[in-house]
Each structure stands twice: as structure tokens, then as C-alpha cells.
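The values are calculated or read from the model by the stated rules, or taken from the named source; none is laboratory data. From a predicted model like this one, the values you see are computed outputs, not experimental measurements. Note: ideal-geometry Cβ built from the backbone for every residue, glycine included; neighbour counts use all protein chains shown.
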Amino acid sequence: MELDITRLARENEIDLHWTEHRWDAEAFPELRQAIVPRIRNVGDYLLGLHELGHVLAPEARAYDQDTNVYACLLTEGAAWAWAMANASPEFVAVAKDEDWATVHEAIGSHYRWAALCPTRAPDEV
Ligand SMILES: [Zn+2]
């Protein structure tokens, strides 16, 4: 799984950094930089792919300069879609409940974070 992340980063010229702390994972699309968790399980692997998705998914990049709820959630959703579309099926097939719980917790954090965005929608309705 770690080799998958490393290969994708190298092939797409992403400056890759590893963190021991899963929730320190982050991406800086404009710098083509991603901080991904050390891979201890499939949940970490999917989180790592999600961060790469922030750099590589066109749909994620389309909104990465916007700070409203709508754009935040579209960006996060696009990065997750990219992660799932690019995950090796052999690894996804062996994901355990705890791995999916990691994904659920991450998605929940996006909603908590989006609730703090300064505007509610692109047209500020
Ligand atoms: Zn994200």
C-alpha cells in the first residue's frame, strides 16, 4: 500500500511527506504537496490516497480556492472519489470495519470543518 502511494506521488510529481499522526494528513494542491499518514492499515492507505486526490482530482482543484460550505464539501467529496477510484481493489477488498471507521471519521471531520466556513453557499444564500 505504501508503494502505491509513493508510486502515484512520483508519477504525478507530488512532493510527498509522511506523518506518524493520521489526523495531521493534509494536502497543499497549489504546491503539489501532500502529507500522508504512515500506512498501518487500509484506512491509512485510503486517507493517503484522499490527500493525493486533493492534488490530482480536477473536480477537487476546481473549488480549492473557495471557502464556502458548498465548495469545501465538493472538494472533499472529489478527493474521496479520486481515492476510491484509484485504490487497488485488492486492498479495498480486505478493508475491515476499523478501516471504514477511519474513513467515516475523516468525512465527519469535513462536515464539522465545513460548518465553520464563513459562507454557506456560492451565492451566499
Ligand atoms: Zn480532504
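State whether one or more residues within region 49-61 are aliphatic (A, V, I, L, M) and more than 12 Å from the chain's Cα centre (by Cα). If you could, list the steps in order and put the result at the bottom.
Restricting attention to region 49-61, the residues satisfying the condition of being aliphatic (A, V, I, L, M) are 49, 52, 55-57, 60.
After this cut, where a residue has to be more than 12 Å from the chain's Cα centre (by Cα) as well, the list is none.
No: zero hits.
Can you pull out every residue in region 1-38 that is among the basic types (Lys, Arg) and touching a strand residue (DSSP E or B) at 6+ places or on another chain (Cβ under 7 Å)?
Within region 1-38, the subset among the basic types (Lys, Arg) is 7, 10, 22, 32, 38.
Arg22, Arg32, Arg38 - these are the residues of region 1-38 that are among the basic types (Lys, Arg) and touching a strand residue (DSSP E or B) at 6+ places or on another chain (Cβ under 7 Å).
Can you give me the ranges of the helices (runs of 4 or more DSSP H) entirely in region 1-70 with at least 1 residues that are over 17 Å from Ala85 (Cα atoms)?
2-11
With the checklist (1) out of contact with any Asp or Glu (no Cβ under 7 Å at 6 or more places or on another chain); (2) buried (at least 18 other Cβ atoms within 10 Å of the Cβ); (3) free of Cβ contacts under 8 Å to residues at least 40 places away in the same chain in hand, flag the one item Gly108 doesn't pass.
Just one mismatch for Gly108, condition (2).
Look through region 50-82, keep the residues that are more than 19 Å from Ala9 (Cβ to Cβ) and in contact with a Lys or Arg (Cβ under 9 Å, 6 or more places away or on another chain), and return whichever of them is surrounded by the most Cβ atoms within 10 Å (Cβ to Cβ). Talk me through it step by step, then tell me what you get.
Taking region 50-82 first, the residues more than 19 Å from Ala9 (Cβ to Cβ) are 59, 62-63, 65-77.
If we keep only those that are in contact with a Lys or Arg (Cβ under 9 Å, 6 or more places away or on another chain) as well, we get 68-70, 75.
Details: Asn68: 18, Val69: 19, Tyr70: 17, Thr75: 25.
So the residue we want is Thr75.
Yes or no: region 65-78 includes at least one residue that is of a type in the set (A, V, I, L, M) and under 21 Å from Ile5 (Cα atoms). Walk me through it before giving the result.
Just the residues of region 65-78 that are of a type in the set (A, V, I, L, M), to begin with: 69, 71, 73-74, 78.
After this cut, where a residue has to be under 21 Å from Ile5 (Cα atoms) as well, the list is 78.
Yes, that holds for at least one residue.
Find the residue count for region 48-57, including only residues that are near the ligand (Cβ under 9 Å from one of its atoms) and either touching a residue at least 60 places away in the same chain (Cβ under 8 Å) or touching a strand residue (DSSP E or B) at 6+ places or on another chain (Cβ under 6 Å) (or both). Please lay out each step first, then the result.
As a first pass, look at region 48-57 and keep what is near the ligand (Cβ under 9 Å from one of its atoms): 50-51, 53-54.
Keeping just the survivors that are either touching a residue at least 60 places away in the same chain (Cβ under 8 Å) or touching a strand residue (DSSP E or B) at 6+ places or on another chain (Cβ under 6 Å) (or both) gives 51, 54.
Residues meeting the conditions: 2.
Determine whether region 34-49 contains at least one residue that is more than 15 Å from Met1 (Cα to Cα) and either hydrophobic (A, V, I, L, M, F, W, C) or surrounded by 20 or more Cβ atoms within 10 Å (Cβ to Cβ) (or both). Show your work before the answer.
Going through region 34-49, the residues more than 15 Å from Met1 (Cα to Cα) turn out to be 34-35.
Now restrict to residues that are either hydrophobic (A, V, I, L, M, F, W, C) or surrounded by 20 or more Cβ atoms within 10 Å (Cβ to Cβ) (or both): 34-35.
Within region 34-49, one or more residues are more than 15 Å from Met1 (Cα to Cα) and either hydrophobic (A, V, I, L, M, F, W, C) or surrounded by 20 or more Cβ atoms within 10 Å (Cβ to Cβ) (or both).
Select from region 83-105 the residues that are outside any helix (DSSP H, G or I) and surrounded by fewer than 18 Cβ atoms within 10 Å (Cβ to Cβ) and list them in ascending order. Spell out the reasoning first.
Here is the first cut: in region 83-105, the ones outside any helix (DSSP H, G or I) are 87-88, 93-96.
Ser88, Ala93, Val94, Ala95, Lys96 - these are the residues of region 83-105 that are outside any helix (DSSP H, G or I) and surrounded by fewer than 18 Cβ atoms within 10 Å (Cβ to Cβ).
Filter region 71-114 down to residues that are at pLDDT 95 or above and of a type in the set (Phe, Trp, Tyr) and give me whichever is farthest from the chain's Cα centre (by Cα).
Phe91
From the list Thr6, Thr67, Thr75, which one is under 19 Å from Ser109 (Cα atoms) and away from the ligand (no atom under 11 Å from the Cβ)? Explain how you work it out, then say what you get.
Values: Thr6 fails: under 19 Å from Ser109 (Cα atoms); Thr75 fails: away from the ligand (no atom under 11 Å from the Cβ).
Result: Thr67 is the single residue among Thr6, Thr67, Thr75 that is under 19 Å from Ser109 (Cα atoms) and away from the ligand (no atom under 11 Å from the Cβ).
Going by what's in this entry, would Ala60 be described as modelled with pLDDT under 95, on the phi < 0 side of the Ramachandran plot and near the ligand (Cβ under 10 Å from one of its atoms)? Full working, then the answer.
Working: modelled with pLDDT under 95: yes; on the phi < 0 side of the Ramachandran plot: yes; near the ligand (Cβ under 10 Å from one of its atoms): yes.
So Ala60 passes the test.
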